[in-house]
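The structure appears right after this line, and notes come after that.
The values are calculated or read from the model by the stated rules, or taken from the named source; none is laboratory data. What you see is a predicted model, and the numbers here were worked out from it, not measured in a lab. Positions of Cβ are generated from backbone atoms using ideal geometry, with glycine treated the same way; all protein chains shown enter the neighbour counts. Ligands, DNA and RNA are excluded from the accessible area calculation, which covers all protein heavy atoms including side chains. Shrake-Rupley method; radii C 1.70, N 1.55, O 1.52, S 1.80 Å.
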Amino acid sequence: MDINTSAQFAADPNTVCAMMTDPSWWQDVYRRIGATTSDVTVTDTGLSLDLALPAPSQVKKFVGETMAAHQDLSWGPAADDGSRKGTLTITPKGLPAKAVGHADLAGGGPGSVITYTGEFTVSIPLVGRKLESTAGPYITRAFDVQQEAGNDYLSARSAQ
């Protein structure tokens, strides 16, 4: 399944990058989709975290009642205009699947635009493609929630 989505935030790229490396922001994103996070580690270039959420019925026979995953987000150095290129990897535990993508953060829209491109694959013969399409709405919702949580996060910061 191809991933191609974007979000616009009312802040400059450096502020958006700081938000996207703030563990509290990611915890809010995942809380909003019904997940919990743990082992959040800020790295030199981004962050790494583990998450767990109720498993969709289609994958329960593979992973049980809870689906766990590991996420890594890394950003390259800022260009003169504040834009950055990043990578995002999400690896579900107990399921031969992976989301691998690129994140481009640049000035635009109301302040900044982040564009994600990549691919989500499930490597199970005969049912992998079906599971990928089943996961589509969950993946789309997670990106939509980033927009919602980002708007709230930035509004709260500007009000301080």
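State all residues of the range 61-91 that are of a type in the set (Lys, Arg) and touching a Cys at 6+ places or on another chain (Cβ under 7 Å); if no residue qualifies, say none.
If the condition is that a residue be of a type in the set (Lys, Arg) and touching a Cys at 6+ places or on another chain (Cβ under 7 Å), then ARG84 is the only one that fits.
Against the conditions (1) more than 11 Å from the chain's Cα centre (by Cα); (2) open to solvent by less than 30 Å² (accessible area, probe 1.4 Å), TYR116 satisfies every one except (1). Only one entry in GLY101, GLY107 is within 19 Å of ASP50 (Cβ to Cβ), in contact (Cβ under 8 Å) with a residue 12 or more places away in the chain and in a strand (DSSP E or B), namely GLY101.
When only residues in the range 118-150 that are in a helix (DSSP H, G or I) and among the hydroxyl-bearing types (Ser, Thr, Tyr) count, which is farthest from ALA52 (Cα to Cα)?
For the range 118-150, the residue satisfying everything is SER133.
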